[in-house]
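Have a look at the structure below before the remarks.
The values are calculated or read from the model by the stated rules, or taken from the named source; none is laboratory data. Given the structure is predicted, the values throughout are model-derived calculations rather than measurements. Because the Cβ atoms are built from the backbone with ideal geometry, glycine has one as well, and the counts that use them run over all protein chains shown. The protein model used for the area step is the full one, side chains on, heavy atoms only, and it has no ligands, DNA or RNA in it. Shrake-Rupley method; radii C 1.70, N 1.55, O 1.52, S 1.80 Å.
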Amino acid sequence: MEKNLHKLVWLVLPVVIFLVPYLSRMGGEGADLYLYGENGWIEILTVVFLLIAILFGMMFLLLRRVPDHGWVLWWMGMMVLGSIYFAGEEISWGQHIFGWEASEYWQSLNDQGETNLHNTGPLFDQVPRTLLSVAALVGGVLVPLYFFLTNRYPGKESLHYWLWPTYECAPAALFSILVSWHEKVYRVLDVEIPVVLDVRAGEVKESFLALFIMVYVMSIWYRSRNLLQQDS
């Protein structure tokens, strides 16, 4: 019998993460610090999701069960390296954990005085985030929706079976897009955002993108594991 990702992970968890920042607005600034501080829950969850993605990606590479599509191993290797980079940047490569100070030269390059690249310019911040957001929209929402509406799901021997995210990735991908809807709407209307909606969408979005990566990597690992069990 095939085992798939549990609904608590791919469905319930994204819903909870989406709601908590809005509910926390009732707790005032203290709740904000608890959620969004350098070691707040949002940042911690982001790193945890990426560490889990790295773990399952490594297990997939060790399992090495991909019929006639060996290049998928290279793709998974890129996912693991990307997750390591994402997690490293999120914790400033250990600065937030061990509390060291960046050198004067690096502080002159980094607008927040941190040991990371994403605060040195758009190339390492907005560009990767935009590309990952597009990947979440296309791969995490539109492609699973297409498969569902057309009822044309790729077979296990197909390259598309291993490449595209499944419906399990849709909640995290969708919430990564919706979490900043209020900022865009109120910016267009040029009015102040109500307090209850004034969440730090950028940081929550990063957490959802990390969750999207985690669910995607785990879903591929489960597909490979199920295939291996069927052949044994």
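Key figures
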read-out	value
Protection proxy ranking of 7-13, 41-47 - average other beta-carbon atoms within 10 Å, highest first	41-47, 7-13
Positive dipole terminus of the chain, leading residue within ILE52, LEU145, LEU227 (C-beta point charges)	LEU227
Between helix 201-231 and the chain: long-axis angle, C-alpha atoms, 0 to 90°, nearest 10	20 degrees
Count of lysine pairs in the chain with Cα separation under 25 Å (8 or more residues apart, or interchain)	4
Pairwise centroid distance, computed over Cα atoms, of segment 99-168 with segment 185-232, Å	10 Å
Hydrodynamic radius (Kirkwood) for the chain, which is based on Cα pairs only, to one decimal in Å	19.1 Å
About the Cα centre, charge dipole magnitude for the chain (Lys/Arg +1, Asp/Glu -1 at Cβ), debye	1240 debye
Rounded accessible area per residue of the chain, 1.4 Å, Å²	57 Å²
Equivalent ellipsoid semi-axes, segment 108-147, via Cα gyration tensor eigenvalues times 5, rooted, Å	32, 7, 5
Alpha-carbon gyration tensor eigenvalues x 5, square-rooted, for segment 92-195, Å	36, 22, 11
Heavy-atom accessible surface of the chain: percent carbon and sulfur, 1.4 Å	68 percent
